[in-house]
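Structure record follows, encoded as structure tokens.
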Amino acid sequence: MEKKQPIIYIPDEEFTNFKEIKTGNMAAGVLYRSSSPLKGGDEKKAKETLAINAGIKCVINLDDSVSVIEKLSEAVPWYHELVMQKKVICLPMGFIIPGVAFNEKN
């Protein structure tokens, strides 16, 4: 039986869609965006690493409700800590891409 190699998590901004938002007079390191840190397979650990390295202290979740994130976040320690500290703002917009409703929200 062949021994499986361990998975090595490499923070990859493109893979996780984690990016710093740079616009106007906003200071560097203030605003970031990414796909949900609660969803996805192996990329959860990469998102966690990127968020911790960026010093994320508050999250605006545009996909899930509070009742959903309370359970899902248990598997993502840094995010769960923010949920318990009430530092995750949920604005569930129900993204289905592509879709008419999504296009109207832009």
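Just to be sure I understand, how many residues within the stretch 18-55 are surrounded by 11 or more Cβ atoms within 10 Å (Cβ to Cβ) and assigned to a helix (DSSP H, G or I)?
Residues flagged as surrounded by 11 or more Cβ atoms within 10 Å (Cβ to Cβ) and assigned to a helix (DSSP H, G or I) within the stretch 18-55 amount to 11.
Do you know which residues across the stretch 82-101 are over 15 Å from Ser36 (Cβ atoms) and either surrounded by 13 or more Cβ atoms within 10 Å (Cβ to Cβ) or modelled with pLDDT of 90 or more (or both)? Please lay out each step first, then the result.
As a first pass, look at the stretch 82-101 and keep what is over 15 Å from Ser36 (Cβ atoms): 84-87, 98-101.
Result: Met84, Gln85, Lys86, Lys87.
Consider only pairs whose beta carbons are under 6 Å apart and that are at least six residues apart or on different chains; among these, list those whose first residue lies in the stretch 15-27 and is at negative phi and whose second residue is surrounded by 11 or more Cβ atoms within 10 Å (Cβ to Cβ) and assigned to a loop (DSSP other than H, G, I, E, B).
From the stretch 15-27, the pairs are Thr16/Ser34; Phe18/Ser34; Ile21/Leu31.
How many residues does the stretch 61-81 contain that are loosely packed, with under 13 Cβ neighbours inside 10 Å and either part of a loop (DSSP other than H, G, I, E, B) or touching a Lys or Arg at 6+ places or on another chain (Cβ under 9 Å) (or both)?
So the count comes out to 3.
The values are calculated or read from the model by the stated rules, or taken from the named source; none is laboratory data. All values reported here derive from a predicted model rather than from experimental measurement. Cβ coordinates were reconstructed from backbone atoms using ideal geometry, including for glycine residues, and neighbour counts include every protein chain displayed.
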